[in-house]
1. Starting from the range 1-80, pick out the chymotrypsin sites (Phe, Trp or Tyr not before Pro) whose DSSP state is loop and whose Cβ has at most 11 other Cβ atoms within 10 Å.
2. Helix 103-118 sits at what angle to the longest principal axis of the chain, using alpha carbons and giving 0 to 90 degrees rounded to 10?
3. So, counting K/R as plus one and D/E as minus one, what does the shell of residues with Cβ under 12 Å around residue 101 add up to?
4. Report, in degrees rounded to the nearest 10, the 0 to 90 angle that the Cα long axis of helix 138-155 makes with the longest principal axis of the chain.
5. Give me the aspartates and glutamates in straight-line cross-link reach of residue 138: C-alpha distance below 17 Å, same-chain residues under 8 apart excluded.
6. How about the range 56-98: which trypsin sites (Lys or Arg not before Pro) there are in a DSSP loop, with at most 14 other Cβ atoms within 10 Å of their Cβ?
7. For the range 82-118, which chymotrypsin sites (Phe, Trp or Tyr not before Pro) are both in a DSSP coil and crowded by at most 15 other Cβ atoms within 10 Å?
8. So which aspartates and glutamates pass the test for residue 177, namely a Cα distance under 12 Å, with those fewer than 8 places away in the same chain ruled out?
Amino acid sequence: MGKGPSAVKSWRYQLQNINPSAIATSSADLVVIDYAGADGPFTRAEVEQMRRKPDGSRRVVLSYMSIGEAESYRWYWPNRSSEWLGTENPKWRGNYGVRFWHPDWQQIIFDYTDKIVAAGFDGVYLDEVDEFEEMGHKDEMVEFVARIAARAKSQRADFMIVSQNGDALIPNARFRKAIDA
């Protein structure tokens, strides 16, 4: 199987109770998992284990990362600031909208991106890209995604950027250039 979104025929999305051994025994071509499990961030060895399918072929492993909401259970939560933190999402307890254009929030996400690249993930699955629909700043979201992509790809050229939602940005050429799927 070639590596990349076009080679994916089946996928798995699991953000809780992630067991690297169970992921490794899955036949899914792509998995989206959290950057960390119950015992903390996944190690490079665990990520590598999850990249191998039972038949020995390669699986794409993406790390989930919300860029439009802050989550109270993340490593960065102690550094939250009223400068960028918005109100709690009534549908998702512990999730708060953010002023994603604020430089301090963006630095947190750039640091998060660096951690994901260093852990050996194949890419990042960006969530809440559509936060601009609530907060405005559409052009700033495009720029933010482009900067995330440039930062990750400067470290690993084959690192993938996958956008979950944010469909209204697809007509923007800069956004399309920044994402792989």
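No lab work stands behind these numbers, since they all come straight from the coordinates. Just so it is clear, the structure is predicted and the values come from calculations on it, not from any experiment. FYI the Cβ positions are ideal-geometry reconstructions off the backbone, even for glycines, and counts take in every protein chain you see.
1. Values: sites: 11, 13, 35, 42, 64, 73, 75, 76; in loops: 35, 42, 73, 75, 76.
Here the chymotrypsin sites (Phe, Trp or Tyr not before Pro) that fit, given the DSSP loop and packing criteria, are 73.
2. The angle comes out at about 10 degrees.
3. Net charge around residue 101: -3.
4. The helix 138-155 is inclined about 40 degrees to the chain.
5. Qualifying aspartates and glutamates at Cα under 17 Å: 69, 127, 128, 130, 167.
6. The qualifying sites are 91, 93.
7. Those satisfying the criteria are 92.
8. Within the straight-line limit of under 12 Å, residue 177 reaches these aspartates and glutamates: 143.
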